[in-house]
Amino acid sequence: MTQCSRMPPASRPTRAAADQDALAPAPEAQGPPTTAEPDEPDEPDEPDEPDERWVFGYGSLMWRPGFAFVERRPALLHGYHRDMCVRSIRYRGTPEKPGLVLGLRRSGSCRGIAYRVAAADWAEVKAYLFEREMVTYAYRPRFGVVVLGDGRRVRGFTFVADPDHPQYAGDLDLRDRIGLIRQGVGPGGTARDYLASTVAHLDDLGITDSHLHHLLDWVDGQATPPGAPD
């Protein structure tokens, strides 16, 4: 997910609410299955109920949310998996030499962090998230099925990669995506450092994403990607 140019003031949650995610781990994530369809459909529209909302973070929102929330929980999003699949043309690359950043792709599941946002704060939080994530409209806002660490099932608001957008790179060959990560340099730094930072933050949160670990090894030349010539 992309960086933002402005961070609005965010009230701190209570210590009790902030520590609740330690009470139970997120359900175990699954790797991307062969099927392209999630087990339950996502929703592009707002739920009908006018009360609080949940926001699901799978990248920098997990360690740098930047908005007010009243509860934080480890969570599992069904129907999508995390991947480096969006060309970065502003922060980690340029239009001439794009880099690559995170997005959510169809199939599988994704471990992340869910934030409960009070109804009174939702309009401001939603506007902030759109400013942060929809800089070039390479993502689609969605409400997806999220299972919290304590077993509750909620509708979580998140941003998924738009496969019809010119910046979508999920359909590229693995070696082409590795090349984009190696070449990407922009005002926010290199795409390679973005990937390394993401892996480190996920490890700190106890979320081991083996695909991103392998991808970093391939980018750094520490391992040979599958399908590469001998």
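The values are calculated or read from the model by the stated rules, or taken from the named source; none is laboratory data. If you're wondering where the values come from, they're calculated on a predicted model, not measured in any experiment. Cβ coordinates were reconstructed from backbone atoms using ideal geometry, including for glycine residues, and neighbour counts include every protein chain displayed.
No other residue among TYR91, TYR80 is under 21 Å from ALA196 (Cα atoms) and of a type in the set (Ser, Thr, Tyr) apart from TYR91.
Restricting attention to the range 167-208, the residues that are touching a residue at least 60 places away in the same chain (Cβ under 8 Å), over 26 Å from LEU76 (Cβ atoms) and loosely packed, with under 15 Cβ neighbours inside 10 Å total 1. If you filter the range 55-69 down to residues that are among the hydrophobic types (A, V, I, L, M, F, W, C) and assigned to a strand (DSSP E or B), you find that the one that is surrounded by the fewest Cβ atoms within 10 Å (Cβ to Cβ) is VAL55.
One line per residue, one yes/no per condition, for (1) of a type in the set (Phe, Trp, Tyr); (2) surrounded by fewer than 20 Cβ atoms within 10 Å (Cβ to Cβ); (3) touching a strand residue (DSSP E or B) at 6+ places or on another chain (Cβ under 8 Å); (4) modelled with pLDDT of 95 or more:
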| residue | (1), (2), (3), (4) |
| --- | --- |
| GLU71 | no, yes, yes, yes |
| LEU77 | no, no, yes, yes |
| ASP83 | no, no, yes, yes |
| CYS110 | no, no, yes, yes |
| LYS126 | no, yes, yes, yes |
| ARG132 | no, no, no, no |
| THR136 | no, yes, no, no |
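Taking the conditions exactly as written (surrounded by 15 or more Cβ atoms within 10 Å (Cβ to Cβ) and out of contact with any Ser or Thr (no Cβ under 7 Å at 6 or more places or on another chain)), does GLY149 satisfy them or not? The answer is yes for GLY149. For the range 198-230, the set of residues classified as farther than 26 Å from MET62 by Cβ and either of a type in the set (Val, Ile, Thr) or under 15 Å from the mean Cα position of the chain (by Cα) (or both) consists of THR224 only. Looking at the range 88-108, which of its residues are of a type in the set (Lys, Arg) and crowded, with 24+ Cβ neighbours inside 10 Å? Selection gives ARG92 alone.
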